[in-house]
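**Student:** The structure is given below, and queries will be raised subsequently.
The values are calculated or read from the model by the stated rules, or taken from the named source; none is laboratory data. None of these values were measured; they are calculated from a predicted model. In this analysis, Cβ positions are derived from the backbone assuming ideal geometry, glycine residues included, and neighbour counts consider all displayed protein chains. Keep in mind that these areas ignore ligands, DNA and RNA; they rest on the heavy atoms of the full protein, side chains included. Shrake-Rupley method; radii C 1.70, N 1.55, O 1.52, S 1.80 Å.
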Amino acid sequence: MQQYLVDLLEKIHSMQCDDNDISAAAQYLREGRLVAFPTETVYGLGANALDDTAVAGIYAAKNRPNFNPLIVHVKNIEHAKRYVVFNALAEKLAAAFWPGALTLVLPRKADCPLSLLVSAGLDSVAIRVPAHPLAQKLLEACDLPLAAPSANRSGRVSPTTAAHVEEELADKVAMILDGGACKVGVESTVLDTTADTPTLLRPGSVTLEQLEAVVGRVALSGGGNIKSPGMLESHYAPNAQIRLNADGTQEIGEALLGFGSRAPLHAVLNLSKTGDLTEAAANLFSMLRELDKDGAKIIAVMPIPEEGLGVAINDRLKRAAAPRG
Ligand code: TXA
Ligand code: MG
């Protein structure tokens, strides 16, 4: 394309969204609401990554049947270091590819304030610094880490224009920031850098060749079979055994995890006293951890309705209850 056309298109794109829009979006995010925003790869469905309830709202809006961990977007590497532990490998990769379409999976810091739900209970976080100027402005304005999966409903393709997001999620978001069409159009590359040899978890717009030019060998997860971390055995399971569909009667050594207003008084914790599934999702991982820490041998969980976010909650609980190998 002629350069003047490229410039003109840039201009039109940047006009679609002004500073007032950015501050409105930042305010919504601080209030725990969802904002769709452009990145150089695809549009993201953003929420305050520090806020469990806001993050649960992402899963509800996408209608995701499980809790896949989400990517956290931050302004720069210094901000990333507030949340995750860097090693030499990650430093090298960040220097080479940030801001840009590379997502690094790194261990959560001991005092990491990010929602446990963004990690879907894992001890790691997928984090990246987006290059898109609007994403950068938004991160600057809200001064929050933003959890953002692609802004599509579960099972649909990732959106690369604001109109795509509008079609799928218009009624679920407080606002859609229009930054025109995404330049890259393919999701970021997800690389596990928690071990000495990096492992490619999801191929994306940064290629294997580009990665290997910087760090040498990159392993392919499962010999090329990219598994969703939600399916991996390493996925967080509590130390305690899980008993599902507990009716409220409790056996010796069990801790009862309640749900709803009919939970008996001896329920140690309640996922949601009002039976609100978003609240239950927001509490799920932290409550399982808390009961684990208290040394419960068995966590008996009251039934969760198999609807809306309940599907993802039950999926997670069923995995945790499955026999361990
Ligand atoms: O380009 C992109 O990456 C877009 C834009 C919006 O940034 N985001 C995106 O997010 O595609 P999402 O949630 O659709 O994909 C996140 C990917 C999934 O494959 C997920 O399993 C993986 O990252 N992931 C997230 N956290 C992880 C973790 N702690 N360990 C391993 N994989 C993780
Ligand atoms: Mg996606």
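**Student:** Looking at region 37-72, which of the residues that are among the polar types (S, T, N, Q) and within 13 Å of the chain's Cα centre (by Cα) is nearest to ligand 2 (Cβ to nearest atom)?
**Tutor:** Result: N68.
**Student:** With respect to L106, determine if the residue is under 15 Å from the mean Cα position of the chain (by Cα) and at pLDDT 95 or above.
**Tutor:** Numbers: under 15 Å from the mean Cα position of the chain (by Cα): yes; at pLDDT 95 or above: yes.
For L106, the condition - under 15 Å from the mean Cα position of the chain (by Cα) and at pLDDT 95 or above - is met.
**Student:** Can you find even one residue in region 136-157 that is in a helix (DSSP H, G or I) and without any contact (Cβ under 8 Å) to a residue 24 or more places away in the chain?
**Tutor:** Scanning region 136-157, I find no residue that is in a helix (DSSP H, G or I) and without any contact (Cβ under 8 Å) to a residue 24 or more places away in the chain, so the answer is no.
**Student:** Of all residues in region 288-314 being assigned to a helix (DSSP H, G or I), over 14 Å from G260 (Cβ atoms) and among the hydrophobic types (A, V, I, L, M, F, W, C), which is most open to solvent (accessible area, probe 1.4 Å)? Walk me through it before giving the result.
**Tutor:** Within region 288-314, the first condition is being assigned to a helix (DSSP H, G or I), and the residues that meet it are 288-293, 310-314.
From what's left, over 14 Å from G260 (Cβ atoms): 288-293, 311-312, 314.
Imposing the further condition that a residue be among the hydrophobic types (A, V, I, L, M, F, W, C) reduces the set to 288, 291, 311-312.
Values: L288: 3, L291: 2, V311: 45, A312: 0 Å².
Looking at the filtered set, the residue picked out is V311.
**Student:** Exactly one condition in (1) over 14 Å from the mean Cα position of the chain (by Cα); (2) farther than 26 Å from L169 by Cβ is false for K75; which is it?
**Tutor:** All conditions are met except number (2).
**Student:** Out of region 260-294, which residues are within 13 Å of L309 (Cα to Cα) and either in contact with a Leu (Cβ under 8 Å, 6 or more places away or on another chain) or hydrophobic (A, V, I, L, M, F, W, C) (or both)?
**Tutor:** L271, L277, T278, E279, A280, A281, A282, N283, L284
**Student:** With the condition kept exactly as written, say whether any residue in region 140-154 is open to solvent by less than 10 Å² (accessible area, probe 1.4 Å), away from ligand 2 (no atom under 16 Å from the Cβ) and modelled with pLDDT of 95 or more.
**Tutor:** Taking every residue of region 140-154 in turn, at least one turns out to be open to solvent by less than 10 Å² (accessible area, probe 1.4 Å), away from ligand 2 (no atom under 16 Å from the Cβ) and modelled with pLDDT of 95 or more.
**Student:** Going by the conditions given, is L208 more than 14 Å from ligand 1 (Cβ to nearest atom), open to solvent by 30 Å² or more (accessible area, probe 1.4 Å), modelled with pLDDT under 95 and among the aliphatic types (A, V, I, L, M)?
**Tutor:** Details: more than 14 Å from ligand 1 (Cβ to nearest atom): yes; open to solvent by 30 Å² or more (accessible area, probe 1.4 Å): yes; modelled with pLDDT under 95: yes; among the aliphatic types (A, V, I, L, M): yes.
Yes.
**Student:** Hey, another quick one. Can you tell me which residue among S261, S272 is of a type in the set (S, T, Y), open to solvent by 70 Å² or more (accessible area, probe 1.4 Å) and farther than 17 Å from R64 by Cα?
**Tutor:** On inspection, the qualifying residue turns out to be S261.
**Student:** Taking the conditions exactly as written (within 12 Å of ligand 1 (Cβ to nearest atom), assigned to a helix (DSSP H, G or I), at negative phi and among the hydroxyl-bearing types (S, T, Y)), does Y28 satisfy them or not?
**Tutor:** Answer is no for this residue.
**Student:** Look at L122 and say whether it is away from ligand 2 (no atom under 16 Å from the Cβ), at pLDDT below 95, of a type outside the set (V, I, T) and buried (at least 17 other Cβ atoms within 10 Å of the Cβ).
**Tutor:** yes
**Student:** Further question: Looking at region 243-290, which of its residues are in contact with a helix residue (DSSP H, G or I) (Cβ under 9 Å, 6 or more places away or on another chain) and among the basic types (K, R)?
**Tutor:** Scanning region 243-290 gives R243, K273.
**Student:** For region 142-169, name all the residues that are hydrophobic (A, V, I, L, M, F, W, C), more than 13 Å from ligand 1 (Cβ to nearest atom) and closer than 22 Å to V84 by Cα.
**Tutor:** Passing the criteria: C142, L144.
**Student:** Which numbered condition trips up D111, out of (1) over 19 Å from Q27 (Cα atoms); (2) assigned to a loop (DSSP other than H, G, I, E, B); (3) within 16 Å of the chain's Cα centre (by Cα)?
**Tutor:** Result: D111 passes all but (3).
**Student:** Checking C17 against (1) at pLDDT 95 or above; (2) more than 13 Å from ligand 1 (Cβ to nearest atom), only one condition comes out false. Which one?
**Tutor:** Among (1) at pLDDT 95 or above; (2) more than 13 Å from ligand 1 (Cβ to nearest atom), the lone unmet condition for C17 is (1).
**Student:** If you don't mind, another one. Sort out which residues of region 163-197 are outside any loop (DSSP other than H, G, I, E, B), surrounded by 22 or more Cβ atoms within 10 Å (Cβ to Cβ) and away from ligand 2 (no atom under 16 Å from the Cβ), and write them in order of number.
**Tutor:** Result: I176, L191.
**Student:** Kindly list the number of the only condition in (1) at pLDDT below 95; (2) open to solvent by less than 50 Å² (accessible area, probe 1.4 Å); (3) within 19 Å of A56 (Cβ to Cβ); (4) within 16 Å of ligand 2 (Cβ to nearest atom) that fails for T160.
**Tutor:** Against the list (1) at pLDDT below 95; (2) open to solvent by less than 50 Å² (accessible area, probe 1.4 Å); (3) within 19 Å of A56 (Cβ to Cβ); (4) within 16 Å of ligand 2 (Cβ to nearest atom), T160 comes up short only on (3).
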